[in-house]
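Since every read-out is calculated from the coordinates, none of them should be taken as a lab result. Just so we're clear, the structure is a prediction, and the values are computed from it rather than from any experiment. In this analysis, Cβ positions are derived from the backbone assuming ideal geometry, glycine residues included, and neighbour counts consider all displayed protein chains.
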Amino acid sequence: MNHLKLIFLVVLFPLLNLYSQNNEKIIGEWKVVSADNGYVYINSKTDSVYTSLKFDQRHTNKVSRQNWIATFRMSCSKNLFIFTKNGEYFQYMTENKRMPIYDGTYEIISNNKLKLKVKTLVVSDMYKEAEYYFIDDLLCFKIDSLESWDNKPTIFILEKIK
């Protein structure tokens, strides 16, 4: 029986440590490197934009196309995300932190999922789930967003600034 406990601890301990590291690693201020809603991809570092075939088919008019891209760029490309040690969550349009788009709380519910309780400028309490994972020092944050069609999530690649 003691051997089973020892094997269990040897297997479980690294998993708990990994969970703890992800929990700690998300804390901080993050700026957008790129945002992708499945139709428009924006890279803030290179100031480049790519669109999907479906987007191009929907927006054959140049003005409509430019308006949708500009709206997505304005609403996502300069966002600042903050996750505090106390479980608070803030998302701002820009790094100047004037007024949050979302503010509320977050809870890590598994190694790659968050539960958010957020307030917006319009809705008092809204519950969302988000996925997250790390690639090197970048945070990949996947969340249902108002800036998408067909209920596709927006995937943000975020770089830590603090």
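3J(HN,Hα) couplings calculated from phi for segment 124-137 with the Karplus curve 6.51 cos²θ - 1.76 cosθ + 1.60 (θ = phi - 60°) are, in sequence order, 6, 10, 9, 10, 9, 10, 9, 9, 8, 7, 10, 10, 6, 9 Hz; Gly and Pro show x.
3J(HN,Hα) along segment 53-70, derived from phi through the Karplus expression 6.51 cos²θ - 1.76 cosθ + 1.60 where θ = phi - 60°, amounts to 4, 4, 4, 4, 5, 6, 10, 7, 7, 4, 5, 4, 4, 5, 5, 5, 5, 4 Hz, with x in place of Gly and Pro. Scoring 136-144, 74-82, 33-41, 47-55 by mean Cβ neighbours within 10 Å over their residues and listing the highest first yields 33-41, 74-82, 136-144, 47-55. Note on segment 26-160: Cα-Cα pairs beyond 21 Å make up 40% of the total pair count. Of all lysines in the structure, the ones whose alpha carbon falls short of 22 Å from that of residue 115, not counting any fewer than 8 places away in one chain, are 25, 31, 85, 128, 142, 152, 160. Between residue 115 and residue 43, take the C-beta separation as r, use R0 = 30 Å, and let me know the FRET efficiency to the nearest 0.05. With R0 = 30 Å, the Cβ-Cβ based efficiency is 0.55.
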